[in-house]
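Quick notes on the structure that follows.
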Amino acid sequence: MKILLTVALGAALAVAACGGTEASDTAETSVNSASGVAGRGPTQGPQARTSSPPRPAYRDVTIPAGTTLPLALTNAISSDTSAIEDVVTAELTRSVMSDGREVLPAGTRLIGTVTQVDDSGRVKGRAMIAFRFTSLRTGDEQYDVQTAPLSHTAAATKGEDATKIGIGAGAGAVIGGLLGGKDGAAKGAIVGGGAGTGVVLATKGEEVRLAPGASATTELTAPLTVRVRVG
């Protein structure tokens, strides 16, 4: 009988010990779940990835041939100082639209070259300068373009030339008449006319000078496809 009591008492103690250990383990597990292992922070899952901003979307837009490009020069050119292949630059003075959307903003830069230049002649010929734009830059993109050539010619001075010749002949006639009668007047007219013509031959006509800001309007002679940001 004593043996049976001893065995029962030992079993009871063993069960109590096991129960206490499980409770302790459960409590410790709960603490670790809440605060993590000593010396470390709470247990964390995989870190969330930082999402990058969406890339801007673009689409190709074709600007048709014949589209007008209103420009303002950004460098100076002239018939007496410029040479063929000198650079000419300009900017759009207003935006170019397509289907209600801006495809080329005001300020878009165009680059070209002088294609012909003649300074003012003597009696015959007038000063002129011609140029053409061959590339276009908008944002970070640059495109080759085909545009109509532009030219500027100096105003004619034929009326002024005729006046100079007439004054020379008249003055010669007066001087000739004072010196030698009718014959002298006739000779004086010839001399006077020659002198007047000499003045014209020695005087060059007007030059063509275009300063920065000068207006210049051209148009596309071939379609131009550009990338336009959407959204």
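Okay, here's what the table says:
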quantity	calculated
Where a residue in the range 215-231 is at negative phi and its partner, wherever it lies, is of a type in the set (Lys, Arg), with Cβ under 9 Å and at least six apart	Thr218/Arg132; Arg227/Arg59; Val228/Arg59; Val228/Arg101; Arg229/Arg59; Val230/Arg59; Val230/Arg101
Residues being assigned to a strand (DSSP E or B) and either closer than 15 Å to Ile63 by Cα or of a type in the set (Phe, Trp, Tyr) (or both) - total across the range 93-121	7
Inter-residue pairs, beta-carbon under 9 Å, first closer than 16 Å to Met97 by Cα and in the range 40-65, second modelled with pLDDT of 65 or more and small (Gly, Ala, Ser), 6+ apart	Val61/Ser98; Thr62/Ser98; Ile63/Ser98; Pro64/Ser98; Ala65/Ala222
Verdict on Asp60 being at pLDDT below 95 and assigned to a strand (DSSP E or B)	yes
When residues of the range 77-135 are limited to those that are of a type in the set (Gly, Ala, Ser) and farther than 30 Å from Ala156 by Cα, the one surrounded by the fewest Cβ atoms within 10 Å (Cβ to Cβ)	Gly100
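The values are calculated or read from the model by the stated rules, or taken from the named source; none is laboratory data. Just so it is clear, the structure is predicted and the values come from calculations on it, not from any experiment. Note: ideal-geometry Cβ built from the backbone for every residue, glycine included; neighbour counts use all protein chains shown.
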